[in-house]
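Reading through the structure tokens given below for one structure.
The values are calculated or read from the model by the stated rules, or taken from the named source; none is laboratory data. Just so you know, these numbers come straight off a predicted model, no measurement behind them. Here Cβ is always computed from backbone atoms with ideal geometry, including for glycine, and neighbour counts include all displayed protein chains. Side chains are part of the model used for accessible areas, which takes the heavy atoms of the whole protein and leaves out ligands, DNA and RNA. Shrake-Rupley method; radii C 1.70, N 1.55, O 1.52, S 1.80 Å.
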Amino acid sequence: MDKNVLSLEEQLAECQKQLADKNLIINTILESTLAGYWDWFIQDNTEYLSPTFKKMFGYEDHEMENKPESWQAIIHPDDLAEVYECFNKHVESKGEIPYNNTVRYYHKNGSIVHVYCKGQVVEWDAEDKPIRMIGAHIDITPMKKIEDTLSIKNGELEEFAYATSHDLKEPLRTISSFIELLQVPDIETEKQNMYLNIISQSASRMTSLIQGLLDHSRLGKELKTEQTDLNLLIENVTQDLNHSIVEKNGIITCDKTLPIIEAYPTELRVLFQNLISNAIKFTTPGASPCIQINYTTDAMNHIISVKDNGIGIAKDKQDRVFNLFSRLNAAEEYEGTGIGLTHCKKIAHLHNGEIKVTSEKDKGSTFSIYIPKQLNNLE
């Protein structure tokens, strides 16, 4: 027998070695690209889920069974129908329509994992029914966060540009108009003084608007989180506002169980100072402000609420209350630039949280701040 001719056993061993090498290369590539792969035998309804697939959702290999029901149990229920629809179109078109989609899964820790999934039926039976399908999942959560952040930033920039052009033009037009009136020959001294006073007021308003914009742009710069005692923080804010509280005969009650949390203390102080200042300011003339600060929690968040007995916000205006320069009341009734609640919204977002309002006209408002218990990947 020719020594150069391999025996059947040796050929088989060589094939197995080559297959093992290829599997090693594939697994290495999948590991390095944060991908998980799956192999679904459709008619038997059995499915292999790779360890990288399971790890994507926080599970070790032994913690998740190799079957379709495993991933179906952790996919977001709103996205499951889309997966089935995508699969059916792929099968009905004999693979002409690609099977790829972006869906949400629940991580073992309760968070959401955004996944891009791509697959293909690779075996069909004599009746053109699918036998076997393989595919891969890629974790795109970081990309989705960047995309969402950019979307928010773009929205803020558009709002910023509109508010700046609209609200700064108004005092500029006023100044320009009254400067023209001052140029009228032989103008009376009384009118001259009145025009100058209006110009001064408009210039002051424009200065306040510009300062508000600068303050808003600086929020979030050089951030550093610290263990922040909310009881102490609220106490300091109320001390700073003591003059206004006493002047209005205000009463502030605060839940003594406010926690110590990881947060940006300076920014949070600005947030609560704005909310409490507004609660003091926006009261019915002659009424005394009564402000309650309460704490509760849900599975994911610390929730701090600031409730007042003020003038409230009409239902049709509540969606605008956090907009830049949004003034829901006449300037002559309540002074301000309409930027304080915009600060609050930005500060909540800096903590990966949010702020909501519930209110009824003439019956007060409640502002609720949601701050995640786990502050990960802060801006």
inquiry  = For SER368, what accessible surface area do you get with a 1.4 Å probe? Give it in Å², rounded to 10.
reply    = 20
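Find out how many positive minus negative residues lie around ILE97, taking Lys and Arg as positive, Asp and Glu as negative, among other residues whose Cβ is under 12 Å from that of ILE97.
Details: positive: LYS89, LYS94; negative: GLU85, GLU92, GLU96.
Counting the neighbours of ILE97, the net charge comes to -1.
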query = At a probe radius of 1.4 Å, what is the per-residue accessible area of LYS129, in Å² to the nearest 10?
reply = 110
ask   = Which stretch or stretches of the stretch 238-258 have amide N atoms under 14 Å from the point lying 7 Å from SER288's Cα along the Cα→Cβ direction?
value = 245-253
message = Let's test the formula: R0 of 35 Å, r as the Cβ-Cβ distance of GLU10 and GLU69. What FRET efficiency results, to the nearest 0.05?
response = 0.25
query = Using a basic spin-label model with each label point 7 Å from the Cα along Cα→Cβ, how many nm lie between ASN193 and ALA126?
reply = 10.8
remark   = Violations at 31 Å Cα threshold for listed pairs LYS144/LYS356; LYS55/LYS89; LYS224/LYS307; LYS55/LYS346; LYS89/LYS345; LYS54/LYS345 -> LYS55/LYS346; LYS89/LYS345; LYS54/LYS345
key: Rough spin-label spacing in nm, given labels placed 7 Å along Cα→Cβ, for ALA299 and TYR84   = 2.3
ask   = Given labels modelled 7 Å from the Cα in the Cβ direction, how far is it in nm from GLN43 to LYS315?
value = 5.9
